[in-house]
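The values are calculated or read from the model by the stated rules, or taken from the named source; none is laboratory data. The structure presented is a predicted model; accordingly, all values stated were derived computationally and were not measured. Virtual Cβ from ideal backbone geometry, glycine too; neighbours counted across all protein chains shown. For accessibility, only protein heavy atoms count, side chains too; no ligands or nucleic acids. Shrake-Rupley method; radii C 1.70, N 1.55, O 1.52, S 1.80 Å.
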Amino acid sequence: MNGKNRKDIAAGLEVDIVLKQDQRTGKRTRGIIKDLLTNSGTHPHGIKVRLTDGQVGRVQEIYPKR
């Protein structure tokens with residue numbers, strides 16, 4: 001599932017994000033969502049989130065709960 005719709009994203013989900021410094025390469029970082037930072041319902045580049053380890057980036061993929 002992609003990360004362009006805010007309604008699909010919630011704290012506690014495991015996701016892949018792209019950090020600001022990795023936008024050119026597309027390198028992904030995996031983590032657990034702590035906070036949602038984008039207020040709008042959708043965003044073409046992915047909803048911006050903060051992970052539990054403090055990293056901030058845009059969601060590229062959402063993994064289902066196990």
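Some points to look at:
- Restricting attention to region 46-63, the residues being without any contact (Cβ under 8 Å) to a residue 24 or more places away in the chain and surrounded by fewer than 17 Cβ atoms within 10 Å (Cβ to Cβ) number 3.
- In region 1-41, the residues that are hydroxyl-bearing (Ser, Thr, Tyr) and either open to solvent by less than 80 Å² (accessible area, probe 1.4 Å) or not in a loop (DSSP other than H, G, I, E, B) (or both): 29, 38, 40
- Selection count, region 44-66, where residues are under 12 Å from residue 6 (Cα atoms) and either over 11 Å from the mean Cα position of the chain (by Cα) or of a type in the set (D, E, K, R) (or both): 3
- Residues of region 7-27 that are under 10 Å from the mean Cα position of the chain (by Cα) and of a type in the set (D, E, K, R): 14, 16.
- Qualifying residue in region 45-54 (condition: at pLDDT 95 or above and either among the polar types (S, T, N, Q) or touching a His at 6+ places or on another chain (Cβ under 7 Å) (or both)): yes
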